[in-house]
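See below for the structure under consideration.
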Amino acid sequence: MSETGLCLPLVLAVTPNPSVDRVWRIPGFETGRICRVERVWLEAGGKGCNVARMTDDLGAPVAATGFLAGSAGDFVERELARRGIVPAFHRLAAGETRTCPTIIDPVSGRVTEIREPGPPVGEGEVRAFAAHFDSLLGSGVIVPRSPGPSAPARPAVVALSGSLPPGAPPDLYARLIGLAAARRIPCVLDASGEPLRVGAEAGPWAVKINREELLELTRPGDGETPPGGEGKDEAALVAGLARLVAGGVTLAVVTRGVEGLLASDGRAVWRARPPAGLRVVQPVGSGDAATAALVVRLARWLASGRLDTGAWPDLGFAALPEEERAGLVRDMVAAGAANAVTEGLGTCPPDVFARFRREVEVEATAAG
């Protein structure tokens, strides 16, 4: 049950390349010497699994899918189920889900991420996963009920997040977006590189990426002005958002860490900053928290009838009052900040989120 009293529809969080995430907090970390770990977090990871956990924190029912393999894959399923997230993964016959350590140094503020590649997949496994995904959209996900028997629930919003496993074609996200579009189910895409470029062209409802990922799409040579200084950097980001919207995306969002985010729907550009003076405990997963807030707000609008999947592809977003559209941006920044100040990996306590939401600054200007 959401904060509005609505029973929200199911969100499906897709992580094609999940992981076991182990985060070490090591003050004064240096390579080439013995390092003492001060604090350890261990979670079912990958960006989509982070999104699933924080979607659950924010009050929406959520299922998770992607490729899993081996005993590490068993750990991912168990940990998500323990959190109340419905695991609906496609299992690979061989290989082992990856393990990805992250080192946080609270002294320097540096974060070191070590990323294993994940188990390879072939075209046969990709086709099988696409069929599995389509079945989840059409037949639904079996959701445990208490009290009462389990029952299928059809996803109403899909979040597609993170890297692809070795061997997966760069158009995997585009294929999944196409399957969802055939059923008028909006997708939110957070990826990078070629999967981002091809996926964005397939028409997701929203794209949420970070500064580096967006600038990669509009780097010199593509006819865009290169970044250089705060004003030029923001101009390049706004131009990149406009390019995504012109390509068919309803809402384009770029996160900027402690600077907050920029978002555009082609009519307005929103600039949002987190509350001042945040005491960051660990920033890992804050971008995924923003994605979770986006999909939960989208699910809430669908449940209340504020948006209508019959009005494809934008669902009637442009007709919402400005304060509601700006509220979505406010949610995303507040969720990212709540994750950053909270111990644990990929967590968004509702009380912290609610407090920060009141403090986030949002400014809207007309798109140029």
task = For segment 269-287, state whether one or more residues are touching a helix residue (DSSP H, G or I) at 6+ places or on another chain (Cβ under 9 Å), more than 21 Å from Trp41 (Cα to Cα) and hydroxyl-bearing (Ser, Thr, Tyr).
result = no
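Here is a yes/no grid of residues against (1) farther than 29 Å from Leu302 by Cβ; (2) surrounded by fewer than 21 Cβ atoms within 10 Å (Cβ to Cβ); (3) modelled with pLDDT of 95 or more; (4) over 19 Å from the mean Cα position of the chain (by Cα):
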site	(1), (2), (3), (4)
Ile104	yes, no, no, yes
Glu113	yes, yes, no, no
Pro119	yes, no, yes, yes
Asp134	no, yes, yes, yes
Val143	no, yes, no, yes
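Under the condition of being in a loop (DSSP other than H, G, I, E, B) and touching a Ser or Thr at 6+ places or on another chain (Cβ under 9 Å), which residue from segment 184-202 is surrounded by the fewest Cβ atoms within 10 Å (Cβ to Cβ)? Full working, then the answer.
Pass one, segment 184-202, residues in a loop (DSSP other than H, G, I, E, B): 184-186, 191-192, 202.
From what's left, touching a Ser or Thr at 6+ places or on another chain (Cβ under 9 Å): 184-186, 191-192.
Details: Arg184: 14, Ile185: 20, Pro186: 27, Ala191: 26, Ser192: 16.
So the residue we want is Arg184.
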key: All helices (runs of 4 or more DSSP H) inside segment 246-363 with 2 or more residues being touching a Gly at 6+ places or on another chain (Cβ under 8 Å) and crowded, with 16+ Cβ neighbours inside 10 Å   = 286-304, 322-340
task = Give the residues of segment 78-119 that are of a type in the set (Gly, Ala, Ser) and in contact with a Leu (Cβ under 9 Å, 6 or more places away or on another chain), sorted by residue number.
result = Ala88, Gly118
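Just to be sure before I move on: is Ser108 surrounded by fewer than 20 Cβ atoms within 10 Å (Cβ to Cβ), in contact (Cβ under 8 Å) with a residue 60 or more places away in the chain and polar (S, T, N, Q) in the structure I sent? Step through it out loud before you land on a result.
On the way: surrounded by fewer than 20 Cβ atoms within 10 Å (Cβ to Cβ): yes; in contact (Cβ under 8 Å) with a residue 60 or more places away in the chain: yes; polar (S, T, N, Q): yes.
Spelling it out, Ser108 is indeed surrounded by fewer than 20 Cβ atoms within 10 Å (Cβ to Cβ), in contact (Cβ under 8 Å) with a residue 60 or more places away in the chain and polar (S, T, N, Q).
Which fully enclosed strands (runs of 3 or more DSSP E) of segment 3-68 have 2 or more residues being over 26 Å from Val352 (Cβ atoms)?
Numbers: elements: 10-15, 19-25, 39-45, 62-68.
Strands (runs of 3 or more DSSP E) meeting the threshold: 62-68.
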key: segment 124-152 residues that are under 16 Å from Ala63 (Cα atoms), paired with ones that are among the aromatic types (Phe, Trp, Tyr) (beta carbon under 8 Å, 6 or more apart)   = Phe129/Phe67
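Residue by residue through segment 267-285, note down the ones that are among the small types (Gly, Ala, Ser) and either at pLDDT 95 or above or touching a His at 6+ places or on another chain (Cβ under 8 Å) (or both). Steps first, answer last, please.
Within segment 267-285, the subset among the small types (Gly, Ala, Ser) is 268, 272, 276-277, 285.
Scanning segment 267-285 gives Ala268, Ala272.
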message = One residue is enough: does segment 25-40 have a residue meeting the conditions touching a strand residue (DSSP E or B) at 6+ places or on another chain (Cβ under 7 Å) and either free of Cβ contacts under 8 Å to residues at least 12 places away in the same chain or under 20 Å from Ile177 (Cβ atoms) (or both)?
response = no
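In segment 163-179, which residue that is in a helix (DSSP H, G or I) and not hydrophobic (A, V, I, L, M, F, W, C) is nearest to Pro195 (Cα to Cα)? Explain how you work it out, then say what you get.
Just the residues of segment 163-179 that are in a helix (DSSP H, G or I), to begin with: 172-179.
Next, from what is left, pick out any that are not hydrophobic (A, V, I, L, M, F, W, C): 173, 175, 178.
Values: Tyr173: 7, Arg175: 11, Gly178: 14 Å.
By that ranking, first place goes to Tyr173.
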ask   = Does Glu234 qualify as being modelled with pLDDT under 95 and either under 12 Å from Ala337 (Cα atoms) or assigned to a helix (DSSP H, G or I) (or both)?
value = yes
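The values are calculated or read from the model by the stated rules, or taken from the named source; none is laboratory data. Treat the numbers as computed from the prediction; the structure is a model and nothing was measured. Reconstructed Cβ throughout: ideal geometry from the backbone, glycine too, with neighbour counts over all protein chains shown.
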